[in-house]
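Here is the structure we will look at, set down as structure tokens.
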Amino acid sequence: MPARFLQLQEPGNVPAQLPHDLQAFLILQNFLRRVPILYWKVAYPDVYLSAKDTNRAADLKVQLDYAVETWTAEFITGSKSVEADYDAFLNEIQKLGEEYLAIYQAAYAK
């Protein structure tokens, strides 16, 4: 791989000559690598879900993955601005993540 590509992979290393939205995206990406997001890592033991909860949790997981991938692509391509649309991104992920987390919390409390 070219040295320039490898430099972009290092946390905190964002070259100044990149377009502003791409710089912001790389900073966001490096930040998200360091911050645990609820649906990426389960911080408690495995729990058993009912069939209904299993299906709903699986649906939410697909929606979360799709939302993250879609927003990431839109931030990279410039169809969405990190500065202008970041709050909408967080709101969508928060809404889906809260329901996903609630399913597992309810099962854990049983």
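For the reader, a short list of remarks on this structure follows.
- Residue check for residue 16: at pLDDT below 90, assigned to a loop (DSSP other than H, G, I, E, B) and over 16 Å from the mean Cα position of the chain (by Cα): yes
- Filtered residues of the range 51-98 (kept if touching a residue at least 40 places away in the same chain (Cβ under 8 Å) and among the charged types (D, E, K, R)): 53, 56, 83
- For the range 72-97, the tally of residues that are of a type in the set (Asp, Glu) and either touching a Lys or Arg at 6+ places or on another chain (Cβ under 8 Å) or outside any helix (DSSP H, G or I) (or both) stands at 1.
- Residues of the range 53-107 satisfying the condition of being over 17 Å from the mean Cα position of the chain (by Cα) and surrounded by 15 or more Cβ atoms within 10 Å (Cβ to Cβ): 53, 56, 103, 104, 107
- Verdict on residue 59 being more than 28 Å from residue 27 (Cβ to Cβ) and assigned to a loop (DSSP other than H, G, I, E, B): no
The values are calculated or read from the model by the stated rules, or taken from the named source; none is laboratory data. Because the structure is predicted, anything quoted here is derived from the model rather than measured. For neighbour counting, all protein chains shown are included, and Cβ atoms are generated from backbone atoms with ideal geometry for every residue, glycine included.
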